[in-house]
Structure formats: structure tokens, C-alpha cells
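Asks: This is the structure I want to talk about, given as C-alpha cells.
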Amino acid sequence: MATLSHDMIIEILGCLSVKDLLRFKCVSKLWCSWIEDPYFIKLHLSYSLKTNTNHSLILHHRKFQFLSVNYDSPKTTRRLEQPFGEQKNPIQILGSCNGLLAVEYDYNRIFLWNLSTRKYQVLPSTKIDFSSSSICYGRSIYYGFGYDLVSDDYKLVRMVQLLGENDEYFHSEAKVYSLRSNCWRRIKDFCFYLIFYRELGFLANNVLHWMVSKTPESSNRNLVGFDLRSEEFRVVELPDFCLDENFYFDVKAMGGYLCLTATHRELNDVVVDVWIMKEYGVKESWVKLMSSTQPDLLPGSPFEVPLAFSKNGNKVLFHNKYSRGNRDSLVWYDLGSKRVEKVAIEGVPVVYDVYLYVESLVPLNDRRPRV
């Protein structure tokens, strides 16, 4: 019988799930070294991202529960065991990138967690460098998590805004945590006013994004991106209709693109348009992906969030927040037929947040969760 070459074995292994690869590490020390090799880890992740395989949805109840659902056929859930066991205090996901979750627990304690390998790493704490002598009436903290391809480093951004009386903005601070150096660094302060309380940064083109305004009183909203390579903030231009007060819009990321959802009225209909930025940073490259008046997709609320494309790219998965019956739901929208298909999932809570997750072998410090 012919013997497979090393390159052929690596190519085959690169197509498998992380669960299978962890099992195959027991075949021999040689196989274990292959699977743990940084080159193979990147090869496996690259294959999963390019082919849209090894993906799942993480459904997170706002207090404690983590559930995993198959991305292509979400029917049943699998409960995920947390690294620190059951927590009395709420847990919040701060971001998902390349198989790593950034998670906050026990109020401001943060760890990175690879769900597939069950490894985690606790981040060092960092204080808020607050020097203002003014009285603080409110404090908001914002996070974003992503990967810097140039430095091969995972970074967590934390921005803090302290507000005075009548929402007078008087202090801002921005810091970046580097997984490679395992420390926080202060960077140039953020000069915009973040709009949505505790909004998480969304990643597209290796840039983290937040919706902002230039002053607390301003009704005009802008999109600001943080380049993970240069560690600088810059404004990303939106379509001109975003200046129209009759449009309610929000921006997220989908399929690696910036994705804008605009809700407006046409005669007696409530219409939702979904736009994507085909060429990052080029205002003229915003193109309309779809337009719908489907009542099942639009239950009279502007809280429909596009999550992801299907494997073949002909459908879009939406997360309907607080839809009919006050229950969150997932629906597929067919871009060709314009039909809506509701997703029935067993064992989900009434309200939940959804995160797209890709299995990976991305390593963290060698710390295993308590059994």
C-alpha cells in the first residue's frame, strides 16, 4: 500500500475539525508535533475561513449560559462549560476572533478563551488613569477584540469615557492589550463620543469599528475605525442617506465586509435595506445587497442584525432582537427568491446575544480549566 507524503497528510489534516485533530494528537509524537506546529495552526484556520467550514454560533444568555449551535443547520444546542464554573455575577463576551473569545466576568476581570481546545488565559488588570479634578457623574467602558496580521498578535482595545453633569464629556482614555506581550499599553486618547452604552467593536478588514458622534449633543452619527496595525483611529465614510433623519441605520460586520442596515418608511411600508462596503474605506463602494418589507423579517422594530452569509453565499442569516412574542429569533433570508425561513432551535433562552465563532487551534498559555 502506498504511503502518503508529509505534505498530503498535512493537507488532509488541515480540512478536519479541531475535535478530530485533538484526538489525532494521540496517534504519535510526530503527529502531535505536526498538529501543534504554528504553521499548521495557521493553515487550518485559513482553510476554515476560506471555505466557511468549522463555524458555529455562540448563543449567550445575558447572565451566565453559553450555548453552541451548528452554523449551517442550527437545530439543537450544546451547552459549553465555562473555565471558572458557574458564576454568580453576569458574564459578557467582549469579542470573537479566530476561535478566541474575549470574556469579562466578575466585574472587570477578563480572560481569553479558546472554546475548542478548552484553554484560557487570564489578562492582567489595568487601572483607569483618571486625572481630572471634575466630579464624575457617569462612566462607560467599551471594548473591541481582533487580530493584527502584520504583528501576528491578538489585541483587546478598551476605551473609557467619564462624563460630567448633563453629559458633559471631559475625559477619555484608550488602552490596548497585546497577547504577545501580555500587557496593556495606553495609546492616543479617543476624541469621539461613543453613542451606544457598552457597544462592542466589530471587526472588518483588520479594523475595529464603533458608532460615534463628535459631541454628546450631536444627532449626526459617524463610524470610526481603529486600525489594529497602526493603532490609530480614523473616520470611515458612510452613504449620504445616513444624513437623512428619516433613516434609522446601524453598522456591523458580515463576511469580512462592513454591513449597514437602514430602516425607513416608503408609503405604508417599513423597509429595510442592507448595504455592504465592497472596497474598504472607499465611500463609492457601498452597494445595496438586499431590500425587504417582509413582516417576518421586520416585525416593526429596527433590531434586525445581519450575522453571516450561508456557505454558498446566497442567503443571509439575521438575528431578530425582541421580535414577535418578545422572543429573539434567527431567520435565513434568500437573496434570490427573497423568501424568509425561520430557524427553529430547541433549548434556547427567550433573549440572547449571538456571536459567529470559528473553531481553531490558536494557542494560549498552557492553562487548562478546572474540572
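The values are calculated or read from the model by the stated rules, or taken from the named source; none is laboratory data. What you see is a predicted model, and the numbers here were worked out from it, not measured in a lab. All Cβ positions, even for glycine, are placed from backbone atoms using ideal geometry, and neighbour counts span all protein chains on display. Please note that ligands, DNA and RNA were not included when accessible areas were found on the heavy atoms of the full protein model with its side chains. Shrake-Rupley method; radii C 1.70, N 1.55, O 1.52, S 1.80 Å.
Asks: Quickly run through segment 153-182 and pick out the residues that are assigned to a strand (DSSP E or B) and either modelled with pLDDT of 95 or more or of a type in the set (D, E, K, R) (or both). Spell out the reasoning first.
Replies: Within segment 153-182, the first condition is being assigned to a strand (DSSP E or B), and the residues that meet it are 153-163, 169-178.
If the condition is that a residue be assigned to a strand (DSSP E or B) and either modelled with pLDDT of 95 or more or of a type in the set (D, E, K, R) (or both), then D153, Y154, K155, L156, V157, R158, E173, K175, V176, Y177, S178 are the ones that fit.
Asks: Filter segment 290-307 down to the residues that are under 22 Å from V224 (Cα atoms) and touching a Leu at 6+ places or on another chain (Cβ under 7 Å), then identify the one that is modelled with the highest pLDDT.
Replies: Going through the qualifying residues, I end up with L307.
Asks: In segment 256-291, which residue that is of a type in the set (A, V, I, L, M) and assigned to a loop (DSSP other than H, G, I, E, B) is least open to solvent (accessible area, probe 1.4 Å)?
Replies: V282
Asks: Follow-up question, since we're still on this one. In a strand (DSSP E or B), modelled with pLDDT under 90, open to solvent by 20 Å² or more (accessible area, probe 1.4 Å) and not acidic (D, E) - does that describe any residue in segment 211-218?
Replies: Looking for residues that are in a strand (DSSP E or B), modelled with pLDDT under 90, open to solvent by 20 Å² or more (accessible area, probe 1.4 Å) and not acidic (D, E), one finds none in segment 211-218, hence no.
Asks: Let me ask another. Open to solvent by less than 50 Å² (accessible area, probe 1.4 Å) and more than 20 Å from the chain's Cα centre (by Cα): which single residue out of I93, I128, I110 fits that description?
Replies: That would be I128, the only listed residue that is open to solvent by less than 50 Å² (accessible area, probe 1.4 Å) and more than 20 Å from the chain's Cα centre (by Cα).
Asks: Those residues that are assigned to a helix (DSSP H, G or I), free of Cβ contacts under 8 Å to residues at least 60 places away in the same chain and either among the small types (G, A, S) or surrounded by 13 or more Cβ atoms within 10 Å (Cβ to Cβ) (or both), I need them from segment 1-25; list them, please.
Replies: Going through segment 1-25, the residues assigned to a helix (DSSP H, G or I) turn out to be 6-13, 18-24.
Cutting the leftovers down to free of Cβ contacts under 8 Å to residues at least 60 places away in the same chain gives us 6-13, 20, 23-24.
I9, I10, E11, L13, F24 - these are the residues of segment 1-25 that are assigned to a helix (DSSP H, G or I), free of Cβ contacts under 8 Å to residues at least 60 places away in the same chain and either among the small types (G, A, S) or surrounded by 13 or more Cβ atoms within 10 Å (Cβ to Cβ) (or both).
Asks: While we're on this one: Looking at F66, F84 in this structure, which one is buried (at least 20 other Cβ atoms within 10 Å of the Cβ), closer than 25 Å to G144 by Cα and either modelled with pLDDT under 85 or in contact with a helix residue (DSSP H, G or I) (Cβ under 9 Å, 6 or more places away or on another chain) (or both)?
Replies: On the way: F84 fails: buried (at least 20 other Cβ atoms within 10 Å of the Cβ).
Going through F66, F84 in turn, just one is buried (at least 20 other Cβ atoms within 10 Å of the Cβ), closer than 25 Å to G144 by Cα and either modelled with pLDDT under 85 or in contact with a helix residue (DSSP H, G or I) (Cβ under 9 Å, 6 or more places away or on another chain) (or both): F66.
Asks: Turning to a different aspect of this structure: Among (1) open to solvent by 60 Å² or more (accessible area, probe 1.4 Å); (2) at pLDDT below 80; (3) closer than 24 Å to N98 by Cα, which single condition is N205 missing?
Replies: N205 satisfies all of (1) open to solvent by 60 Å² or more (accessible area, probe 1.4 Å); (2) at pLDDT below 80; (3) closer than 24 Å to N98 by Cα except (2).
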